[in-house]
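Here is the structure we will look at, set down as structure tokens.
The values are calculated or read from the model by the stated rules, or taken from the named source; none is laboratory data. A quick note: this is a predicted structure, and the numbers were derived from the prediction, not measured. Glycine also receives a Cβ, built like all others from the backbone with ideal geometry; neighbour counts cover every protein chain displayed. Just the protein is used for accessible areas: all its heavy atoms, side chains included, with ligands, DNA and RNA removed. Shrake-Rupley method; radii C 1.70, N 1.55, O 1.52, S 1.80 Å.
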Amino acid sequence: MFDIGVNLTSSQFSRDRDEVVARALAAGVNGMLLTGTNLHESQQAQRLAQHYPQCWSTAGVHPHDSSQWQPSTEEAIVALAALPEVVAIGECGLDFNRNFSTPEEQERAFDAQLRIAAELQMPVFMHCRDAHTRFLALLDPWLDKLPGAVLHCFTGTRQEMQACIDRGLYIGITGWVCDERRGLALREILPFIPADKLLIETDAPYLLPRDLSPKPASRRNEPAHLPHIFARIAHWRGDDPQWLVAATDTNVRTLFGIAL
């Protein structure tokens, strides 16, 4: 099983990164996509992916950091994208929930990264929060030019999910769905996501599944918890867990060109 979203560059992993990767592999995780959220972390993610044979990375700028986007950023992202460990552009998109960067800055950086992905013929790893309509408006002109795209950490409505599926997007589901308070609506739409468009992730160190038993001493999430998320999603979808692992591994190969 493959974890499509791990923030392994996080300082929360600085003391035991080797052990975190080892625990994930021991738990049955056969690969991880390390998320680049700004230029520095994209460079760091690439170096980590180079260090760990079971890892690959993305290169991009998260909407929170869009104010940092400038011509030199674009040049550096393009250079990173040429490296074999980098298999997608992103994390990019829109986040109108917090607006750490202005909407205008977010839109400029998102559009630029969609253009880069189209020019380089690379898939896009995307983020959208409280910005669905504008997100699709910016994405739509690029869809026929992109080889593929995933909206990671999806937490939207069934209607928003269907709009993404209708556009051929993959949907990334995290342990948010294990939250008995906030995840119920997402849990209900799981059966409506086509298996050939589903990807699963931890978004570690964030979004620790709340239904882990026994509960970990730390609130830090790890890719070693991916089997738990898989099992819960398979249960709520009515899928055989091993079949779902095989189906999503196929999706990883198709979208990112990764040989598992």
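Could you list, in sequence order, all residues of the range 55-78 that are within 16 Å of residue 131 (Cβ to Cβ) and open to solvent by less than 40 Å² (accessible area, probe 1.4 Å)?
Answer for the range 55-78, where residues must be within 16 Å of residue 131 (Cβ to Cβ) and open to solvent by less than 40 Å² (accessible area, probe 1.4 Å): 61, 62, 63, 65, 66.
Quickly run through the range 81-91 and pick out the residues that are crowded, with 17+ Cβ neighbours inside 10 Å and in a loop (DSSP other than H, G, I, E, B).
85
Looking at (1) closer than 21 Å to residue 151 by Cβ; (2) surrounded by fewer than 16 Cβ atoms within 10 Å (Cβ to Cβ); (3) free of Cβ contacts under 8 Å to residues at least 40 places away in the same chain, which one does residue 210 not meet, given that it meets all the others?
Only one criterion is unmet by residue 210, namely (1).
When only residues in the range 92-121 that are among the charged types (D, E, K, R) and open to solvent by 10 Å² or more (accessible area, probe 1.4 Å) count, which is nearest to residue 156 (Cα to Cα)?
Looking at the filtered set, the residue picked out is 98.
Filter the range 194-223 down to the residues that are under 11 Å from residue 6 (Cα atoms) and in contact with a Cys (Cβ under 6 Å, 6 or more places away or on another chain) and list them by number.
203 - this is the single residue of the range 194-223 that is under 11 Å from residue 6 (Cα atoms) and in contact with a Cys (Cβ under 6 Å, 6 or more places away or on another chain).
How many residues does the range 217-240 contain that are modelled with pLDDT under 95 and either in a helix (DSSP H, G or I) or over 19 Å from residue 182 (Cβ atoms) (or both)?
2
Provide a single number: the residues in the range 1-50 that are small (Gly, Ala, Ser), crowded, with 16+ Cβ neighbours inside 10 Å and in contact (Cβ under 8 Å) with a residue 60 or more places away in the chain.
Number satisfying all stated conditions: 4.
Cβ-Cβ distance below 9 Å, separation of 6 or more or different chains: which pairs start in the range 103-122 with a residue that is free of Cβ contacts under 8 Å to residues at least 24 places away in the same chain and end on one that is open to solvent by 40 Å² or more (accessible area, probe 1.4 Å)?
Cβ pairs passing all conditions: 119/78; 119/145.
Per-residue answers, yes or no, for (1) in contact with a Leu (Cβ under 9 Å, 6 or more places away or on another chain); (2) more than 17 Å from residue 172 (Cα to Cα):
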site: 19; (1), (2): no, yes
site: 68; (1), (2): yes, yes
site: 89; (1), (2): yes, no
site: 103; (1), (2): yes, yes
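I'd like to know if the range 136-143 contains one or more residues that are acidic (Asp, Glu), part of a helix (DSSP H, G or I) and surrounded by fewer than 15 Cβ atoms within 10 Å (Cβ to Cβ).
For the range 136-143, residues acidic (Asp, Glu), part of a helix (DSSP H, G or I) and surrounded by fewer than 15 Cβ atoms within 10 Å (Cβ to Cβ): present.
Going through the range 156-181 one residue at a time, which ones are under 14 Å from residue 203 (Cβ atoms) and either outside any strand (DSSP E or B) or open to solvent by 30 Å² or more (accessible area, probe 1.4 Å) (or both)?
174, 175, 176, 177, 178, 179 - these are the residues of the range 156-181 that are under 14 Å from residue 203 (Cβ atoms) and either outside any strand (DSSP E or B) or open to solvent by 30 Å² or more (accessible area, probe 1.4 Å) (or both).
Just name the residue that is surrounded by the most Cβ atoms within 10 Å (Cβ to Cβ) out of those in the range 182-207 that are basic (Lys, Arg) and modelled with pLDDT of 95 or more.
Only one residue fits best here, namely 187.
Go through the range 24-59 and give me each residue that's under 18 Å from residue 113 (Cα atoms) and not polar (S, T, N, Q).
34, 36, 39, 40, 41, 45, 59
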